[in-house]
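The values are calculated or read from the model by the stated rules, or taken from the named source; none is laboratory data. Keep in mind the model is a prediction, meaning the values are calculated, not measured. So basically every Cβ, Gly included, is an ideal-geometry build from the backbone, and we count neighbours across all protein chains shown.
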Amino acid sequence: KAGVTQTPRYLIKTRGQQVTLSCSPISGHRSVSWYQQTPGQGLQFLFEYFSETQRNKGNFPGRFSGRQFSNSRSEMNVSTLELGDSALYLCASSLALAGWITDTQYFGPGTRLTVL
Amino acid sequence: TQLLEQSPQFLSIQEGENLTVYCNSSSVFSSLQWYRQEPGEGPVLLVTVVTGGEVKKLKRLTFQFGDARKDSSLHITAAQPGDTGLYLCAGRNNFNKFYFGSGTKLNVKP
């Protein structure tokens, strides 16, 4: 079974631009979560999508948005980029079955975004 | 401030030594997970603990969930260079939200 894939792997943008990152979950997984990882703040939860609906949201400004398509693929968008948005953006998928306490998240390799 | 505090932040030891990483919080979690992340990769799940007081063993790794489900520890026996990486704990709350610790960077020297 193919793992979680993220594209692109690396991206360089300038301040004020916008960016769209893509995540393809493991086949059959219905939940996709996005995280931002930085050396200073560690791994922080952005949002989770389940059946095309945002189910959970972290404490990030409205410049960060996402969506999920009917095939469970997800995109994340960041508008008006700031220098502080430079980070590794990770996507994780899970089956999200009932009894979710032991539901396992599988992470993709991430997209390294650099904002100049 | 982090909801989950991990310690130590950095650990550099010789092959064969034992080590313990701690993950502490004032919040109660429905489950707690430990991940290992290598450079250029996403985190990989090592274990999930659910019950207070639970102990799980994976070869040389022993994981413990605190009785009150607020803290956890990871103990590695006879560390090997292949254990090198970033170890992350993550607590899941009742709303299915994950909170990650700041991580422990482990370097095992041959």
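Observations on the model:
- Residue ranges of strands (runs of 3 or more DSSP E) in region A:10-116 with at least 3 members within 13 Å of chain B (Cβ to nearest Cβ) and touching a strand residue (DSSP E or B) at 6+ places or on another chain (Cβ under 6 Å): A:31-38, A:42-50, A:53-57, A:87-94
- With respect to the stated conditions, B:L46 is part of a strand (DSSP E or B) and either over 10 Å from the mean Cα position of the chain (by Cα) or surrounded by fewer than 22 Cβ atoms within 10 Å (Cβ to Cβ) (or both).
- Single condition B:V108 does not satisfy, out of (1) closer than 26 Å to A:R112 by Cβ; (2) more than 11 Å from every other protein chain (Cβ to nearest Cβ); (3) free of Cβ contacts under 8 Å to residues at least 24 places away in the same chain: (3)
- B:G52 being over 25 Å from A:K57 (Cα atoms), more than 10 Å from chain A (Cβ to nearest Cβ) and not in a strand (DSSP E or B): yes
- For region B:1-43, the candidate set comprises residues that are part of a loop (DSSP other than H, G, I, E, B) and touching a helix residue (DSSP H, G or I) at 6+ places or on another chain (Cβ under 8 Å); within that set, the residue that is surrounded by the fewest Cβ atoms within 10 Å (Cβ to Cβ) is B:E15.
- For region B:74-102, a tally of residues being among the small types (G, A, S) and buried (at least 21 other Cβ atoms within 10 Å of the Cβ) returns 4.
- In region B:64-97, the residue that is nearest to the chain's Cα centre (by Cα) out of those that are free of Cβ contacts under 8 Å to residues at least 40 places away in the same chain and within 14 Å of another protein chain (Cβ to nearest Cβ) is B:F65.
- Figure legend. Inter-residue proximity from region A:19-38: first residues on the phi > 0 side of the Ramachandran plot, second residues small (G, A, S) and crowded, with 20+ Cβ neighbours inside 10 Å, beta-carbon distance below 9 Å, spacing 6+ or different chains. Indicated pairs: A:G28/A:S72.
- Some residue of region B:15-36 being within 13 Å of chain A (Cβ to nearest Cβ), under 12 Å from the mean Cα position of the chain (by Cα) and at pLDDT below 95: yes
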